[in-house]
Amino acid sequence: MLTFYPRTRLDPRSIWAGMICGVGANLAWGLAFFLPVVVDGADSVALAIGRYLCFGVVSVSILLARRRRTLVGIGAREWRRAALFSLTGHFGYYLLLVLGIRLAGATIATVIMGVLPVAVALTGGWMRREIAMSRLVLPLMVVAVGLAGTYAVELDWGSGIEGRSASQLFAGVGATVLALALWTSYALMNARFLRENPAVSSANWSTLMGVCALGWALAALPFAASSGGLDVLELGPIIVSSVVLGVIVSWLGTVLWNHASATLPVSIAGQMVVLQVVAGLTYVFVWEARLPPLIELAGLALLIGGVLLALHRARTWSRSSATD
């Protein structure tokens, strides 16, 4: 059941802090695009499970070291939310995305997930009414054009569906759409929880979700073993990548995103998700020592421009609302 909320007044000062944390989170998340390129050929399921095993182990270690501070105000209700969010926004979402890529191909899965910033922005703006939807139209159009320009160059459209049956494509598209829905719901519910529970810090909330993600990852180990993906975990590059993904991308990225979610309008934070695409491709360009084509470079510039325009409109909206 959809829940609508009364219009929220925004603090112009908190927007800057949220913007910095949102950029930092997406810079960290961009590594999730880059590291699979570095360890090309690694089993994707093994890398996903290794990521969340590391995320969980780090979180459990932090919880044990700081349990008195971390568990203040945390009861059964908060643990249930953490378990749900660790599934919808972390392990379940990522595993469904990996499954979608395997079945439908990276091209189709990437195009579907490219709708994520727009889906979060529109759904958040519609349900929370933190900023007038009319002020989001132009930034979203700029972001959409930027995504189209970027994907037109980056994706291999010719071989996107080659060698796949109709049933594989159907299942892959379904898994990817479900992943999109899961993360959209996570973005909205997580932001609502953090605003309703200001006593729960961003770091503590990330730690609790990491502990729950460890449980999901352990439960999925038999699936990884049956797919033959666990063998590559013995390789050094896979272990290092799993540690980076677990500590920097998952734990630190979630801390930063939690703070951004608590301070920025969901409709604005959602658009900032496109920055992980910009960051990931930039890392790849540096790694491969190449410059992107002009069309792709223009697309990336439009992605950044759309987010900056959205942030500017949010700040001017907050100032005008404060004077009403």
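The values are calculated or read from the model by the stated rules, or taken from the named source; none is laboratory data. This structure is a prediction, so every number in the text was calculated from the model and none was measured. Note: ideal-geometry Cβ built from the backbone for every residue, glycine included; neighbour counts use all protein chains shown. Quick note on the areas: whole protein, heavy atoms, side chains included, nothing else; ligands and nucleic acids left out. Shrake-Rupley method; radii C 1.70, N 1.55, O 1.52, S 1.80 Å.
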Fill in: Area accessible to solvent at I295, 1.4 Å probe radius, in Å²
110
Response to the item:
Expressed in nanometres to one decimal, the distance between label points 7 Å along Cα→Cβ at W16 and V177 is 4.5
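Please list 115-121, 145-151 highest first by mean number of surrounding beta-carbon atoms within 10 Å per residue.
Values: 115-121: 22.1, 145-151: 20.3.
So the peptides 115-121, 145-151, ranked by packing, come out 115-121, 145-151.
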